[in-house]
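J.: Got a structure for you, written out below as structure tokens; questions coming shortly.
The values are calculated or read from the model by the stated rules, or taken from the named source; none is laboratory data. What you see is a predicted model, and the numbers here were worked out from it, not measured in a lab. As a convention, Cβ positions derive from the backbone with ideal geometry for all residues, glycine included, and neighbour counts pool all protein chains shown.
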Amino acid sequence: MSRSRVIVIGGGLAGITAALDCAPAAEVTLLEVRPRLGGAAYSFQRDGLWLDNGQHVFLRCCSAYRGLLARLGTASQTVLQERLQIPVLAPGRRPALLRRSSLPAPAHLAGALLGYSHLSARERLSALRAALAVAHVNPRDPMEDERSFGAWLERRRQSPWAREALWELISKPTLNLSAPDSSLAAAAFVFRTGLLESTTAGDIGYARSPLQRIHGDAALAALRDAGVQVRLRARTQRIELQDGRLGVEVGGERLEAEAVVLAVPHQRAARLLAPGALRHPAALTALGNSPIVNLHVGYTEKVLETEFAAVVGSPVQFVFDRTEAAGLPEGQLLAVSLSAAEREIELGEEQLRERFSRALAEVLPRARQARIERFYVTREWSATFRAAPGAGRLRPPARTGIEGLALAGAWTDTGWPATMEGAVRSGHAAARVALAAAGAERALAEVPA
């Protein structure tokens, strides 16, 4: 008896997850337009160095993403803090440290907030009250999704400096938007899930090796070991439903399957979907985009003493030491990650170099004498969907209006923001839809909920 066929379109984390979930019970073909797997979290080589397209981090609470790393055998190539600790730099100020205790949540953050030297005593007490209040905002409430996080902070008497130096330190890199532009529900999810509901949830993790090794290369090997047919440089033209059969047109060839998982960016998904898949197809376009810019700055000597640091009161947001991961033999390579980068993405390389070399020197004293001998810019114009007020109602579920056609991607309604965790969770959800259509109930029970 032949097995059912599942086609996965898109080789990012969502597509990789869905294909691995479906492989034990179906003949799976994964189609990826690029010459590599990994999707939006990838690496490239420049002048002999391995550079990630962005500084992607995860938290201890990202159980689905960490499960995928274990599945790919690459968890050992990442680091996860034993205890949340964020050095915070600011021009003209002594460094501060946000560090959790081992007390039960949310008391584990009380000492960090009350001792946060970048805020005044009044601002710290006000921030503590606001943190207790955000813990009671329901992230699944449609009314809260329509409200602005920035407006909520203002009503909670958070000063403009407190918003920048504390709240946006967490929300901006996670939601890829400034607080006034962010949905209150989305921001509440970030703070509740990542910081306030569990003592250990917010411990930070990141890759020690290039992302291509951790995601793309490892996934290619795992998929092939699982029997998945991986077709790279395969551009899908459309998804069709003919005589009750799902078909995918790729390179002039029509492939038929019992189930199809569409795991591509939301703008492209809108162009590929068959009529009837979504009740409101225009919602995908309405989700919009938010850009990210990453700067890779190579110094002739070490200028950053910690593995990473947050920076406030400065155009620099987060800076990571990527020297070893990049393969730089001497000196130090820093990755500067700029979220919500609508302004920076329009600037030329020389403008960015001038602005950020000066900004780094303001918070890293050794950078004032060190020479920059490498400077690379990566721009992701459509890095994430916009988690703006009202975005929640625009995010579709995994199940579509066509039997057997599932959606996957961090932009789907996972409840999570546009993160690697959200992408993996969406892959699991799409696999459940696909396996149900393929009649693989036994395999369905093995897919994480």
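J.: How about the range 386-395: which of its residues are surrounded by fewer than 24 Cβ atoms within 10 Å (Cβ to Cβ) and touching a Leu at 6+ places or on another chain (Cβ under 6 Å)?
T.: Once the filter is applied, which keeps residues that are surrounded by fewer than 24 Cβ atoms within 10 Å (Cβ to Cβ) and touching a Leu at 6+ places or on another chain (Cβ under 6 Å), the range 386-395 yields only Leu394.
Each row is one residue, and each column tells you yes or no for (1) under 16 Å from the mean Cα position of the chain (by Cα); (2) farther than 30 Å from Glu256 by Cβ; (3) of a type in the set (A, V, I, L, M, F, W, C).
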{"position": "Val6", "(1), (2), (3)": "no, no, yes"}
{"position": "Gly10", "(1), (2), (3)": "no, no, no"}
{"position": "Leu31", "(1), (2), (3)": "no, no, yes"}
{"position": "Pro35", "(1), (2), (3)": "no, no, no"}
{"position": "Ser43", "(1), (2), (3)": "yes, yes, no"}
{"position": "Gly54", "(1), (2), (3)": "yes, yes, no"}
{"position": "Cys61", "(1), (2), (3)": "yes, yes, yes"}
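J.: Out of Ala383, Ala436, Ala406, I need the residue that is over 30 Å from Glu342 (Cα atoms) and assigned to a strand (DSSP E or B). Which one?
T.: Ala406
J.: Name the single residue that is surrounded by the most Cβ atoms within 10 Å (Cβ to Cβ) among those in the range 416-427 being part of a helix (DSSP H, G or I) and touching a helix residue (DSSP H, G or I) at 6+ places or on another chain (Cβ under 6 Å).
T.: The residue in question is Gly427.
J.: Quick one: is Phe308 at pLDDT 95 or above, out of contact with any Leu (no Cβ under 8 Å at 6 or more places or on another chain), surrounded by 18 or more Cβ atoms within 10 Å (Cβ to Cβ) and closer than 30 Å to Gln267 by Cα?
T.: The answer is no for Phe308.
J.: Within the range 76-109, take every residue that is assigned to a helix (DSSP H, G or I) and either at pLDDT below 95 or touching a strand residue (DSSP E or B) at 6+ places or on another chain (Cβ under 9 Å) (or both) and give me the one that is surrounded by the fewest Cβ atoms within 10 Å (Cβ to Cβ).
T.: Gln77
J.: Just for the range 399-415: of the residues that are among the aliphatic types (A, V, I, L, M) and surrounded by 24 or more Cβ atoms within 10 Å (Cβ to Cβ), which one is farthest from Glu144 (Cα to Cα)?
T.: Result: Leu405.
J.: Specify which of the listed residues (Ala383, Ala370, Ala436, Ala359) is of a type outside the set (Phe, Trp, Tyr) and crowded, with 22+ Cβ neighbours inside 10 Å.
T.: Ala383
J.: Which one is surrounded by the most Cβ atoms within 10 Å (Cβ to Cβ) among residues in the range 151-181 that are of a type in the set (Asp, Glu), out of contact with any strand residue (DSSP E or B) (no Cβ under 8 Å at 6 or more places or on another chain) and more than 30 Å from Leu69 (Cα to Cα)?
T.: That would be Glu164.
J.: Next question. Do you know which residues across the range 102-128 are of a type in the set (S, T, N, Q) and free of Cβ contacts under 8 Å to residues at least 24 places away in the same chain?
T.: Ser120
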